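Notes follow the structure.
Taken together, the values in this text are just the output of simple stated rules run on the coordinates, not laboratory data. Just so it is clear, the model here is predicted, and its values are computed rather than measured. Cβ placement follows ideal geometry from the backbone for every residue including glycine, while neighbour counts extend to all protein chains displayed.
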Amino acid sequence: MTGIPAIIGSNLLTALIFLPLAGALLLIFLPKENPRLVKNVTFLVTLVEFLLSLPVVFGFDGSVAGMQFVEKIPWLPAYGISYHIGVDGISLWLLILTTFMMPITILSTYAAVEKNVKEFMIFMLLLEVGMVGVFLAIDLFLFYIFWELVLIPMYFLIGVWGGERRIYAAIKFFLYTFAGSVLMLVAILALYFYQHRATGVYSFDLLAMYDLNIPVKMQFWMFGAFFLAFAFKVPMFPFHTWLPDAHVEAPTSGSVILAAVLLKMGTYGFLRFAMPLFPVAAVDLTPAVATLAVIGIIYGALVSMVQKDIKKLVAYSSVSHLGFVMLGLFAMNTQGIEGGILQMVNHGISTGALFLIVGIIYERRHTRLIEEFGGLSKVVPLFAVCFMIVTLSSIGLPGMNGFVGEFLILLGSFKASRVLTVFAASGVILAAVYMLWMFQRVMFGKVTNEKNRHLPDMNARELAYMLPLLVLIFWIGVYPQTFLRKMDATVSAFVTRIEAKRQLALADKPAGETLLARYFDVGK
Amino acid sequence: MIRYAHFIPLLPLAAYFINIAVGRRLPRKGDWVSLGAIGIGLAISIGIFHEVFQAYDPNFKYHVVFPWLDLGGRFVLKAGILIDNVTAVMLVVVCTVSFLVHLFSVGYMHGDPRYSRFFAYLSIFSFSMLGLVLSDSFFFIYIFWELVGLSSYLLIGFWFEKKSAADACKKAFVVNRVGDFGFLLGFLLLFATTGVVGYDEVFQAIREGKIEGTLLTLAGIGIFCGAIGKSAQFPLHVWLPDAMEGPTPVSALIHAATMVAAGVYLVGRVYPIFTPDAFLVIAYIGLITLFISATIALAATDIKKVLAYSTCSQLGYMIMGLGVGGYTAGLAHLTTHAAFKACLFLGSGSVIHAVHTQEITEMGGLWKKMKITAVTFIVATLAIAGVPGFSGFYSKDMILGAALEFGMRNPQHILLFAGALFTAGLTAFYMFRLVILTFFGKPRDHHKYDHAHESPANMWVPLVILAGLSFSFWYSGWFGTLVQKPASAIPVVSAAAHGGVPAAAAAHPAPGATHGAAGVHESAPQAKPHEPASAPPAGEHGAEASHDAHLAHTAHRYAMFSSVGVGTLGIALAFVVYWFGWIDPEKVASSCRPVHTFLRNKWYFDELYEATVIGGTKALSRAMGWFDNNVVDGLVNLVAQIGVWVSWLIGKFDNYVVDGAVNGVADVTIGSGSFFRRFQTGKLYHYVYVLAGGVIIIYLVKVF
């Protein structure tokens, strides 16, 4: 290979980060008066991006635990900052989820976005740069830049193209996430200086930091800071109230990306940073985190049940689903963590699809209130089939993606805590209640509202973006091996390393030390 | 033939996809695709059964596995097909009923706008049910278990325009989920302790003592919860009568003959894991269900509801049979019940098709109009009532025998037999009440009567076949030989320490088990507190076994006589009341009005659940919704508001108090001070300040 293909081939991940940026720059020069062209170009860019990300999957060696496709270029050597990116079994599928959801989302905006199309698309592409970067960065500084970069386009997507209370929702979203980020920044800097004290080198290199043996007390505070940053993002109960507002006000495409990718940045953060960097604190605080996760599962489900707005219902169901993910991650064993990662992807697909579904009826009726509907199954049969499949996938029916994830999570967490798992599993019943009840009220019965009598069914474009999602729902449900195979080595190394580092850190600690003594010197 | 077993579920799956995708455009709207798929499945099943029958080996087993999910070799889930005698019988039962119901539906659903969709759903059901039957592990049976739940949901809600149907399908799904919740936890408990999921592997692990005592009892009861949901046992039986909102062929196939029997099949499949305590729970749940539902059937007037409650009741018999140690008995009743109950349901479908009502108060005299339907219906009724010569007698008698045997060994549990015997009389009574009110007497609604007619051949042929299968000679003999109770997996010592299964019963099937017919004896799990801690020596063992056989023989003889007696009484009473009219049912009803009202309202279970579980959940979610809106979010907004006020104050302070002398510092203060306030305008350049702040922090930390 020579020329550009060769360069791209050897810098695949860089190409993935910068292609959307190039696309955004290209959009600047396109005429504002031709929104169709702008949309087509954006779609093409995201599609090429997705195709370009596929070689990463094929080239990825699932039997190797470390980072692959690594690129490292010194950036600000004086401060130990480098452009250091790579992909491993934890980030691989999240990267693919991102590149996969983007063209789908862009396609869904063709009829929905009419105002300031060019700006909208530029923001979408910038968003993709940030998201891809977050999952690829293995330099803390670089990670932080991408993390913050995601915030800005999303803020504008909600604030400019959102619904009635868009300003309130956008600010709430921004402040919440930003408050977390600032805490995280402080922790990152503390880590940076600790590393210097310990090794004499200034570096933001995450892989080097993995090898640090951070004092236990320090772990506690740093974990706390990272925890808040990521818990806001996930969002975990009780930090979740920005999510329903952001979802309800965001345009459909914003909601899809928010649910499918942005929330995963929080759970991913736990896996990539909070847990491996501070294993002692992470394990010690597991009961608290897992309890919050289970509260989130049940609380989110219960609150979903009383929502009148479909979108808000789906938003609260996200709180519930991500509770499952967190529970799996903090089970700290292979099943739990692989289940957690798979469930991140599943949630992205299923909830993303649900938001698209809501978007489809919103475009037709300009309302999302459940009471406005009823009996749609007869009017729009194709839509009914898609909606039914997505609903069942969200409920976690076997044969579909949600089941495999939830099941692995419950297996993992049952080993860790039986009591919590019993409560978590009851969330499975509640999920059936709120989803099927909503589905019944929207789709079943007779058509009672005249406005619904002649709704057009899904068109070719809508089918085109829904079908890939449906295929994945069944693929993961029937043969999850395709996806789990690639994460095995990474996750098992992850579990082993955490345990080893924890043992090392606690080697000189007295056995049976209480947590208060360990972290606050109480009772010593 | 057995090599092709995987085609049995896969063909209907293919038919499902074909019919969903292009069914409407196929000739005859694709009904032949589904019919053909299940037809071939039936042929293969019969072939397999033939092979199994040729082998005539109680321990026959065919097992193939392939990996499905593999977490790097540390955790592997294998999918597999397990065929033993029970599976072979179940395959034939499911395929036969399913095939006949497909055939019946061609006539019954004719002209429905979603005709091909209906056949697609029948196919997905057949796929799930057959997959359930063929599964070789707790994990895969759970998967198919949920999938039959889905098919049931789709089929009950087939006429989703009806609110009652839409309500019923959701209710069925959710109630089943409650049961499956227990199933899942039981499974997790087994898996966490044993680390394996295959039936045989789990049994082996239990034998090795990896899980025992209370924990094993809990795991067993958890798994049984799944059966409580699916087989509509008390207290989760409430969904089944409502499920009758689905088309009648569906009621016959899913909610009478096959799917609801899945719970019984599950209990049979995992039989070795149950501890004596778990068996007691199973037996009593069965007893409560069989009695409650029979009493409700007494007062019901909707032909399908009567049959629905009788299904609950018969499932209760099966469950109780399994619980008292009558393994063969429970599964035999499953098999015979599938045929005669499917016949009854399809018969009711034929009647409903003719008169367009389900109220038996509006029927009567239909005998003259639809002779084939009436005769087949009566044959099936004789079977369910337990009249000798019919299949129900053969199997129900075995259950009663097992219950009496259990009661004779454990006199404190004699209620199990007494309750079941009494209910056998009730069964005979309400079934003959149904027959007489429907087919005999004077027509009560002349308009409907005049329009009544016999159904077309594709509807009555299945009836005739099923009625033919309601005679006992099909089942007696071989069934008891081929379907024998598996040895309990609970280790002898630990079981005895828990007052459990005696060594002889655990290790060997009772010797009487090969006698066939009503002479099938099974040693019951005992709840005697003082058993010897180790197996008795061989000589004593022989003597005890022969004593066991004698006891079993006595029990079965008594059970047979009493059940025939009670059944006759029930039938006679039905004739006295409804044929001869010597007793006026209205008068009886009004003289014990509270009881009648109580039964008419189905023991107020729905109301009870509405007031407690459902109402409670609703109230809780409303409370949580309020809490979320006002407390959690209120707190967030309050903090934000305070932030705005503080910014405002600082802004004022900055404007009026701080002067230009401290400009350098002031700039930063203004930046952060108006941070929140300026946000309201949507401007974001303050962001830069914060990054600058970060640099300052770097500096400060570095200095210290």
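How big is the gap, in Å, between the Cα center of region B:81-131 and the Cα center of region A:185-262? Using only Cα atoms to place each centre, the spacing works out to 53 Å.
Helices in chain A, meaning DSSP H runs of at least 4 residues, each add -39500 (n - 2.57). Divided by all residues, the mean residue ellipticity at 222 nm is -23500 deg cm²/dmol. Helix content alone sets the calculated 222 nm mean residue ellipticity of chain B: runs of n ≥ 4 DSSP H residues at -39500 (n - 2.57) each, divided across all residues, give -22000 deg cm²/dmol.
Among residues other than A:Q307 with Cβ under 12 Å from its Cβ, the summed charge is +3 (Lys and Arg +1, Asp and Glu -1).
Pairs of lysine residues in region A:285-508 that meet both criteria, 8 or more places apart or on different chains and Cα atoms under 30 Å apart, total 14.
Of B:K305/B:K341; B:K305/B:K448; B:K29/B:K230; B:K170/B:K230; B:K170/B:K304, which ones are farther than 24 Å apart at the Cα? Correct reply: B:K29/B:K230. The residues B:I141, B:I292, B:I698, when put in order of fewest to most other Cβ atoms within 10 Å, stand as B:I698, B:I292, B:I141. So how tilted is helix B:371-385 from the main axis of chain B? Cα-based, degrees 0 to 90, rounded to 10. Long axis of B:371-385 versus the principal axis of chain B: about 80 degrees.
Separation of region B:418-468 from region A:282-330 is 52 Å, based on Cα centroids. When peptides B:563-571, A:453-461, B:30-38, A:492-500 are ranked by their average number of other Cβ atoms within 10 Å per residue, the highest-first order is B:30-38, B:563-571, A:492-500, A:453-461.
Per-residue shielding of B:623-630, expressed as the average number of other chain Cβ atoms within 10 Å of the residue Cβ, stands at 5.
Given axes a ≥ b ≥ c from the Cα gyration tensor, I'd like to know whether region B:46-128 is rounded (a/c under 1.5), prolate (a/b larger than b/c) or oblate. Oblate, because a/c is 1.5 or more while a/b does not exceed b/c. The long axis of helix B:276-299 is offset from the longest Cα principal axis of chain B by roughly 70 degrees. Taking a ≥ b ≥ c as the square roots of the eigenvalues of the alpha-carbon gyration tensor, the protein assembly as shown is classed prolate because a/c is 1.5 or more and a/b outweighs b/c. Neighbouring Cβ atoms from other chains, within 10 Å of the Cβ of residues in B:144-156, number 2 on average. Can you classify region A:285-508 as rounded, prolate or oblate using the Cα gyration tensor, where a ≥ b ≥ c are the square roots of its eigenvalues, rounded means a/c under 1.5, and otherwise it's prolate if a/b beats b/c and oblate if not? Prolate is the answer for region A:285-508, as a/c is 1.5 or above and a/b outweighs b/c. I want the local charge near A:A15. Using Cβ-Cβ distances under 11 Å, sum +1 for each Lys or Arg and -1 for each Asp or Glu among the other residues. For residues surrounding A:A15, the net value is -2. For the pair region A:84-104 / region B:338-389, the C-alpha centres are spaced 61 Å from each other. Taking other residues whose beta carbon is less than 12 angstrom from the beta carbon of B:A252, and scoring Lys, Arg as +1 and Asp, Glu as -1, yields +2. The listed peptides B:307-315, A:285-293, ordered by packing as a protection proxy, come out as B:307-315, A:285-293 (highest mean of other Cβ atoms within 10 Å first). Counting only lysines at least 8 places from A:K39 when in the same chain, those with an alpha carbon closer than 21 Å to its own are A:K115, A:K118.
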